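**Q** The structure is given below, and queries will be raised subsequently.
The values are calculated or read from the model by the stated rules, or taken from the named source; none is laboratory data. None of these values were measured; they are calculated from a predicted model. Here the Cβ is made from the backbone with ideal geometry for all residues, glycine too, and neighbour counts use every protein chain on show.
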Protein chains: 2
Amino acid sequence: MSVVSHLAILAPGLLGGSVALAPKARGAAKTITIWARRPEVRIQLASQPWCDHVTSTPEEAVRQADLVVLAAPVERIIELAHTISPHVKEGARVTDVGSTKAALTRACAAALGNRAHFVGAHPMAGSEKTGWENGSADLFQKRVCFVTPLPSSDPAAVEDVARFWTHLGAQVTTVSPDEHDEIVAHISHLPQALATTLCTFLSQRPPAWRNVSGNGLRDTTRIAGSDATMWIEIFRNNREEVLRALRGLQTELEGFHAALANGDWLEVQARLERGKAYRDGFRP
Amino acid sequence: MSVVSHLAILAPGLLGGSVALAPKARGAAKTITIWARRPEVRIQLASQPWCDHVTSTPEEAVRQADLVVLAAPVERIIELAHTISPHVKEGARVTDVGSTKAALTRACAAALGNRAHFVGAHPMAGSEKTGWENGSADLFQKRVCFVTPLPSSDPAAVEDVARFWTHLGAQVTTVSPDEHDEIVAHISHLPQALATTLCTFLSQRPPAWRNVSGNGLRDTTRIAGSDATMWIEIFRNNREEVLRALRGLQTELEGFHAALANGDWLEVQARLERGKAYRDGFRP
């Protein structure tokens, strides 16, 4: 399967909407069928030029599909896997866009049984924006997309799903679902917890302070503007790993505090330099 | 003084270089004289079209100046105020770009005595970039510039300095030096401590993780790439206020940790929503 003949996208938000936009733009899918939970969204989608079919149920949407993308929030993805399981084409590939992978991957693989192949994915292309209407054909360009096979996953299905995300412009990185959750706890969920906490802390200070801030605070807190409902699910689904990362960060912050309190300027400087060296090593 | 007849800029870095570029662009100064500590920088500056005179000493630079901008790092600004004090024109206005204001403002005002008028300023237009060659005529456009008079400051001098920064495009906010240091401890120095600490923490994890991060981590940590030498001075000069802000943030972070550890999802959600409400209230 080098090009997907029939692609189904269920419950598109920002990521699912971008999956729909990107394949046609890049010739990665011939036919696109979409199901959305809310009828008003289905009506809007039906008038989009990149949408071939809109169905009123997820079951109908997947019947002809070679590749199904479950684009719902994390906790709805597992439900959807159960819903479509009896209706999905034999041998079809099923992937998703969920932000946590350990519990989800096992649950979806179990739900689909031997009938279809679930291969989890997580494109790191979220934003503080939400909704399919904010999607774009370029959203995945040069963004990392985790693909998270289980030891029991079918190698050909894993390859097909990896190829699909690559077609959309993403840089695929294959890791186990557990490793994925440990990584994103540190590089995504921890920064979210910090940005949110910096904002809740500052919200207790005079409101005028916000208006005199520079770009530093603006950038540091940008992701605090993200959708709370999405994030509560992520924290619920990755609690143990986030707690571990958070404890580590708190210890590190106590170290910074102690260096400052003790006037240990060599230590403060060493931390500033280590932080800068790490940050300077980011890809441009 | 609606337009500065003769402007002297001492020790220009990113901010001082932008002060030099901006006035001519906006007709805010007729003549610009610059002194830089390093001879090679003086040679480069002498060939810039916006630079009328370059002097080999700060004393020479200020002799004819109606307005002097001390653009050095915080701890050199006080030294410079002492150096120029016997040479500055009677009644001249002296301002600066230092990131902390309480100790600096008092020391500079004392150094200049009754001869010239020191009115501290802090344009919130820093960046992780440094050096006069990265300056731009637009750097202060719509950026906040704190002006920090003392009770003893001459009202006409305060007005002149505020008008100068306004001419450069900045939005002037007048606060006391102590209030300034409390505000920036929260909205600038605390985010820097957090970004640095997040980076030093992650630098102890597998290096490959950095390469799979999304824009969230990238933005949250951007300022960790800032110049360590500049920041060590800021932390040294604003230690008490930063410690106070840091302690408050640590308590707030313990609250987030506790809510997550207890699975108190209503509390986690409330924090996410409070953080989002605060962030959504930023000026666009």
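**Q** From (1) over 22 Å from A:Val3 (Cβ atoms); (2) among the aromatic types (Phe, Trp, Tyr); (3) more than 14 Å from chain B (Cβ to nearest Cβ), pick out the condition that doesn't hold for A:Phe118.
**A** (1)
**Q** Then there is this: In the range B:1-28, what residues are within 29 Å of B:Thr229 (Cβ to Cβ) and not in a helix (DSSP H, G or I)?
**A** B:Leu7, B:Ala8, B:Ile9, B:Leu10, B:Ala11, B:Pro12, B:Gly13
**Q** Which ones in the range B:106-128 are assigned to a loop (DSSP other than H, G, I, E, B) and buried (at least 16 other Cβ atoms within 10 Å of the Cβ)?
**A** Answer for the range B:106-128, where residues must be assigned to a loop (DSSP other than H, G, I, E, B) and buried (at least 16 other Cβ atoms within 10 Å of the Cβ): B:Arg115, B:Ala116, B:Val119, B:Met124, B:Ala125, B:Gly126, B:Ser127, B:Glu128.
**Q** Here is a follow-up. Determine, yes or no, whether B:Thr83 is over 30 Å from B:His189 (Cβ atoms), assigned by TED's automatic domain parsing to the domain that holds B:Thr130, surrounded by fewer than 24 Cβ atoms within 10 Å (Cβ to Cβ) and among the β-branched types (Val, Ile, Thr).
**A** For B:Thr83, the condition - over 30 Å from B:His189 (Cβ atoms), assigned by TED's automatic domain parsing to the domain that holds B:Thr130, surrounded by fewer than 24 Cβ atoms within 10 Å (Cβ to Cβ) and among the β-branched types (Val, Ile, Thr) - is not met.
**Q** Within the range B:112-148, count every residue that is more than 15 Å from the chain's Cα centre (by Cα) and of a type in the set (A, V, I, L, M, F, W, C).
**A** Going through the range B:112-148 one residue at a time, the tally reaches 4.
**Q** Could we say that A:Arg244 is over 29 Å from B:Met124 (Cβ atoms) and either more than 7 Å from chain B (Cβ to nearest Cβ) or not in a helix (DSSP H, G or I) (or both) here?
**A** yes
**Q** Tell me which residues, restricted to the range A:123-161, are away from every other protein chain (no Cβ under 14 Å) and touching a strand residue (DSSP E or B) at 6+ places or on another chain (Cβ under 6 Å).
**A** A:Asp154, A:Ala157, A:Asp160, A:Val161
**Q** Moving on. Does at least one position in the range A:231-239 carry a residue that is of a type in the set (Val, Ile, Thr), more than 7 Å from chain B (Cβ to nearest Cβ), assigned to a helix (DSSP H, G or I) and within 20 Å of the chain's Cα centre (by Cα)?
**A** Scanning the range A:231-239, I find at least one residue that is of a type in the set (Val, Ile, Thr), more than 7 Å from chain B (Cβ to nearest Cβ), assigned to a helix (DSSP H, G or I) and within 20 Å of the chain's Cα centre (by Cα), so the answer is yes.
**Q** Without any contact (Cβ under 8 Å) to a residue 60 or more places away in the chain and touching a Leu at 6+ places or on another chain (Cβ under 9 Å): does that describe A:Ala156? Reasoning before the result, please.
**A** Working: without any contact (Cβ under 8 Å) to a residue 60 or more places away in the chain: yes; touching a Leu at 6+ places or on another chain (Cβ under 9 Å): no.
No: the conditions fail for A:Ala156.
**Q** Would you mind finding the one in A:Ala46, A:Ala61 that is surrounded by fewer than 16 Cβ atoms within 10 Å (Cβ to Cβ) and touching a His at 6+ places or on another chain (Cβ under 9 Å)?
**A** That would be A:Ala46, the only listed residue that is surrounded by fewer than 16 Cβ atoms within 10 Å (Cβ to Cβ) and touching a His at 6+ places or on another chain (Cβ under 9 Å).
**Q** In the range B:64-83, which residues are of a type in the set (D, E, K, R) and modelled with pLDDT under 95?
**A** B:Glu75, B:Arg76
**Q** Find the residue count for the range A:129-155, including only residues that are more than 20 Å from A:Gly13 (Cβ to Cβ) and assigned to a loop (DSSP other than H, G, I, E, B).
**A** 7
**Q** Continuing with this model, one more query. With the checklist (1) under 28 Å from A:Leu45 (Cα atoms); (2) away from chain B (no Cβ under 14 Å); (3) of a type outside the set (S, T, N, Q); (4) under 16 Å from the mean Cα position of the chain (by Cα) in hand, flag the one item A:Ala103 doesn't pass.
**A** (1)
**Q** Please enumerate the residues belonging to the range A:156-176 that are surrounded by fewer than 24 Cβ atoms within 10 Å (Cβ to Cβ) and assigned to a loop (DSSP other than H, G, I, E, B).
**A** Answer for the range A:156-176, where residues must be surrounded by fewer than 24 Cβ atoms within 10 Å (Cβ to Cβ) and assigned to a loop (DSSP other than H, G, I, E, B): A:Gly169, A:Val175, A:Ser176.
**Q** What number of residues within the range A:197-215 satisfy the criterion of being part of a helix (DSSP H, G or I) and either at the interface with chain B (Cβ under 7 Å from one of its Cβ atoms) or surrounded by 15 or more Cβ atoms within 10 Å (Cβ to Cβ) (or both)?
**A** Pass one, the range A:197-215, residues part of a helix (DSSP H, G or I): A:197-202, A:208-211, A:215.
Now restrict to residues that are either at the interface with chain B (Cβ under 7 Å from one of its Cβ atoms) or surrounded by 15 or more Cβ atoms within 10 Å (Cβ to Cβ) (or both): A:197-202, A:209-211, A:215.
Number of matching residues: 10.
**Q** On the basis of being part of a helix (DSSP H, G or I), farther than 30 Å from A:Val144 by Cβ, of a type outside the set (A, V, I, L, M) and more than 8 Å from chain B (Cβ to nearest Cβ), does A:Glu267 make the cut? Quick ask: steps written out before the conclusion?
**A** Details: part of a helix (DSSP H, G or I): yes; farther than 30 Å from A:Val144 by Cβ: yes; of a type outside the set (A, V, I, L, M): yes; more than 8 Å from chain B (Cβ to nearest Cβ): yes.
Answer is yes for this residue.
**Q** Does the range B:195-223 hold any residues that are over 10 Å from A:Phe282 (Cβ atoms) and either touching a residue at least 40 places away in the same chain (Cβ under 8 Å) or β-branched (Val, Ile, Thr) (or both), and which are they?
**A** Across the range B:195-223, the qualifying residues are B:Thr196, B:Thr197, B:Thr200, B:Val212, B:Thr220, B:Ile223.
**Q** Now for a separate question. Does B:His186 meet the test of being at the interface with chain A (Cβ under 7 Å from one of its Cβ atoms), buried (at least 21 other Cβ atoms within 10 Å of the Cβ) and either touching a residue at least 40 places away in the same chain (Cβ under 8 Å) or farther than 23 Å from A:Arg274 by Cβ (or both)?
**A** Numbers: at the interface with chain A (Cβ under 7 Å from one of its Cβ atoms): yes; buried (at least 21 other Cβ atoms within 10 Å of the Cβ): yes; either touching a residue at least 40 places away in the same chain (Cβ under 8 Å) or farther than 23 Å from A:Arg274 by Cβ (or both): yes.
Taking the combined requirement at face value, the residue satisfies it.
**Q** Considering B:Glu90, B:Glu40, B:Glu75, B:Glu79, which residue is in a helix (DSSP H, G or I) and over 22 Å from the mean Cα position of the chain (by Cα)?
**A** B:Glu40
**Q** With respect to the numbered conditions (1) surrounded by 21 or more Cβ atoms within 10 Å (Cβ to Cβ); (2) modelled with pLDDT under 95, which one is the sole condition not fulfilled by A:Gly27?
**A** Exception for A:Gly27: condition (1).
**Q** Then there is this: I need the full set of residues from the range B:247-264 which are part of a helix (DSSP H, G or I) and more than 7 Å from every other protein chain (Cβ to nearest Cβ), in order please.
**A** B:Arg247, B:Thr251, B:Glu254, B:Gly255, B:Ala258, B:Ala259
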